[in-house]
Amino acid sequence: MAKLWAGRTEAETAQLADDFNSSIAFDSRMAKQDITGSMAHAAMLGAQGIITGTEAAQLIDGLQTILDDLASGALQIDPKAEDIHMFVEQVLTARLGDVGKKLHTARSRNDQVALDFRMYLRDEIDALTALTRDLAAVICDKAEEYKDAIMPGYTHLQRAQPVTFGHQLMAYAMMLLRDLGRLQDCRRRLNLSPIGCCALAGTTYDTDRAMEAERLGFDGICLNSIDGVSDRDFALELCAALAIEMMHLSRLSEELILWSSWEFQFIELPDAYTTGSSIMPQKKNPDMAELVRGKTGRVYGDLMGLLTVLKGLPLAYNKDMQEDKEGVFDACDTAKMCLSVMAGMLPGMRARRDKMLKAASEGFINATDLADYLVSKGLPFRSAYKVSGALVGKCIKEGKTLETLSLTEYQQAEPLIGADVYAHIDLKACVEKRVSEGGTSVQSVEKQIKAAREALSI
Ligand code: ARG
């Protein structure tokens, strides 16, 4: 087919070159944005008298019909078209004749593609925001359910201090709240319209960029036309935000995998989100969590890919930039799927309170509380730490726990210790004493849940 851009060249392009050049296979997902953007452009051209009002109305009507026909299936995207912008314009011109050829006045595919991409990603950000919210809400509910379930908290994957499962889960809710913030920041910087930057230098026509921007829901316009067609920061920022969010999901996945292992047995994942083994009948594999952890790698790859495409590109548009889309689309698709799977799986997660408590009882995780008790009796913390450490050493040697040491044994180590020591090192008491802001006590976790839910309801 004759190219809309065949200007100075005479010979036909090679089939191989056409295939290589084509982006319709992936940019057709921006059809709706492309058509909506063109409708606003036609309206602006009409309002400014660059084309007549009748012509503008015809263009808008024609574009609406294309949108409807694509939705109903009456019109199919031609996989041989060069890209979505060319496809829409070609269909429009085939349907309307010469009027169709006026649509591309005072714009270029360079500002057009930047516009479509921004609009598409804006919709994606909104979808990702809703899914992130859903998952954070699910996590808050689970945290509420298990706000008093005592488990070992870890550092270096060594049992450290008692926490509640609700407290641990709320740590993930906090991460998701930051993810939401990043998505919103990204949306705010993205939401400026590049249309009207044209090829790179602006235009001689008396356009109204603000009008187009407003019609398309933008907060303003890109102020420098060279930057407007060259900038892909919004796509990078989204990829970066998603890479971070996936890292959060991956860390959660890693814990779910560990906790559901036979060694931990802290949780049981719902049957609907686990798989069996084709050979080992006893297995219940946490495939979903593993896949989320695995897919995190591809989202990192999408970010690195785009950074690398853009590095070293001279201003303004270069065809390299056609490579900006697939990775970002993939990052969005992947993150959306992972968020949905997590939000589907977690409500059915069951915590084994008994196993968690048992693990918490075995690792001397109340040694800090013993030291704090000694401080309350008048020892400076460093000395208290030494006594507590020596007692743990004794327990390990003799196969005892801090709870089973006799008062005599305690007093041999430090005469200040009284019978009230047992109440102080009781795990439930250890948790309940941590009432500091953000701490692990039920009351502190309740506050965290309340704050998170409030943040989510805005
Ligand atoms: N398909 C192209 C892309 O995705 C559209 C922009 C083409 N612009 C150009 N000057 N050839 O980047």
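Derivation of every value follows stated rules applied to the coordinates shown; laboratory data play no part. Please read all numbers here as calculations on a predicted model, not as lab measurements. Here the Cβ positions follow ideal geometry from the backbone for every residue, glycine too, while neighbour counts run over all protein chains shown.
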Restricting attention to segment 1-24, and to residues there that are assigned to a helix (DSSP H, G or I) and surrounded by 12 or more Cβ atoms within 10 Å (Cβ to Cβ), which single residue is farthest from the ligand (Cβ to nearest atom)?
-> D18
Among the listed residues M342, M349, M321, which satisfies the condition of being in contact with a Ser or Thr (Cβ under 9 Å, 6 or more places away or on another chain) and within 16 Å of the ligand (Cβ to nearest atom)?
-> M321
Residues satisfying the stated conditions in segment 336-355, i.e. touching a strand residue (DSSP E or B) at 6+ places or on another chain (Cβ under 9 Å) and either of a type in the set (A, V, I, L, M, F, W, C) or not in a helix (DSSP H, G or I) (or both) | M349, R350, A351, R352
Picked from segment 147-171 (must be small (G, A, S) and within 28 Å of the chain's Cα centre (by Cα)), the residue surrounded by the most Cβ atoms within 10 Å (Cβ to Cβ) is G166
Conditions: (1) within 16 Å of the ligand (Cβ to nearest atom); (2) surrounded by 19 or more Cβ atoms within 10 Å (Cβ to Cβ). L303 meets all but one. Number of the miss?
-> (1)
Answer residue from segment 75-99, given it is over 34 Å from the mean Cα position of the chain (by Cα) and under 13 Å from I35 (Cα atoms) and is nearest to the ligand (Cβ to nearest atom) among those = E89
Condition met for S444 (crowded, with 17+ Cβ neighbours inside 10 Å, of a type in the set (S, T, N, Q) and touching a His at 6+ places or on another chain (Cβ under 8 Å)) = yes
First in segment 54-76 and over 13 Å from V88 (Cα atoms), second anywhere and of a type in the set (V, I, T), Cβ under 6 Å, 6 or more apart | E55/V99; Q58/V99
Does segment 152-159 contain any residue that is closer than 18 Å to E255 by Cβ and either of a type in the set (V, I, T) or in a helix (DSSP H, G or I) (or both)?
-> yes
Residues that are closer than 27 Å to T401 by Cβ and part of a loop (DSSP other than H, G, I, E, B), drawn from segment 438-458 = G439, T440, S441
Working only within segment 305-329, note down all residues that are out of contact with any helix residue (DSSP H, G or I) (no Cβ under 9 Å at 6 or more places or on another chain) and closer than 24 Å to L128 by Cβ.
-> T308
Within segment 105-130, which residues are within 12 Å of the ligand (Cβ to nearest atom) and over 23 Å from the mean Cα position of the chain (by Cα)?
-> R107, S108, R109, N110, D111, Q112, V113
Selected residue (only one of L379, L405, L416 is more than 13 Å from N366 (Cα to Cα), in contact with a Cys (Cβ under 7 Å, 6 or more places away or on another chain) and surrounded by 11 or more Cβ atoms within 10 Å (Cβ to Cβ)) = L405
Do any helices (runs of 4 or more DSSP H) lying entirely in segment 186-269 carry at least 3 residues that are in contact with a Phe, Trp or Tyr (Cβ under 6 Å, 6 or more places away or on another chain), and which ones are they?
-> 233-259
